[in-house]
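Participant: Have a look at this one before I ask anything.
The values are calculated or read from the model by the stated rules, or taken from the named source; none is laboratory data. None of the values given here were measured: they were computed from a predicted structure. To get the accessible areas, we keep the full protein, side chains included, count just its heavy atoms, and leave off ligands, DNA and RNA. Shrake-Rupley method; radii C 1.70, N 1.55, O 1.52, S 1.80 Å.
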Amino acid sequence: MLDSADASHQNGLGREEVTFILKVLYERCCQSILWAHMKTSAMDSAAKWLQWSAPDAAYLSGKSVFEFLQPLLTIAAPEFVIVDIPAGAVFGLRAVDRLGLVTNDFMSKVSDADQYDWAFFYFFKERLEEDCQDESDRCLIGKSDFTVRLADSSYFYVYSANKALNEHLSFSLVYGEKKIVRLSDLDIMY
């Protein structure tokens, strides 16, 4: 670590000025960490989340992903989706990483893939007003109506606080694993 006396001479600042700047930076960093924790804690206590997962016999082909998403979108009716980390032989969604799309535009591109290795699809009832480029995956899941995670070229994961969608996943899809947990307890595959 650079000695503050050395830094003060190199930058033309006095020891007190360097100490003050470091103190302010430390306090702002602590405030940011506390704020992020408070936002996650508030989301965590407000809703119970359904986590549903199942293997895909078609190994997350574009057609399979499209067919899996159609009934979910019919039930939940999201208007907006953020696509994150579309990896694999993906063509239609490659250029929209962490960008938002209207759901209809998203669905016109999602099947344009030979196979998804990994991806997050965060679905929202309406367009987000804030920039979410720096949001953590768990924070975006907490803000979403529901999220679909494509994992390891072969698994669907759905994280949902949407009651109608949760009923569909609990009763209509008999295969797969289901559990109800807090946001902080979701198993997010990486």
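Participant: How many residues does segment 88-135 hold that are modelled with pLDDT of 90 or more, small (G, A, S) and under 13 Å from the mean Cα position of the chain (by Cα)?
Facilitator: The number of residues fulfilling the criteria is 1.
Participant: Let me ask you something else. Wholly within segment 48-144, which strands (runs of 3 or more DSSP E) include no fewer than the required count, namely at least 2 residues that are farther than 23 Å from Y175 by Cα, of a type in the set (A, V, I, L, M, F, W, C) and open to solvent by 10 Å² or more (accessible area, probe 1.4 Å)? Give the derivation first.
Facilitator: Numbers: elements: 49-55, 80-90, 99-102, 113-124.
Output list reads 80-90, 99-102.
Participant: For Y157, are the conditions met, namely being open to solvent by 20 Å² or more (accessible area, probe 1.4 Å) and part of a strand (DSSP E or B)?
Facilitator: yes
Participant: If I filter segment 160-182 down to residues being open to solvent by less than 10 Å² (accessible area, probe 1.4 Å) and outside any strand (DSSP E or B), which single residue comes out as modelled with the lowest pLDDT?
Facilitator: L169
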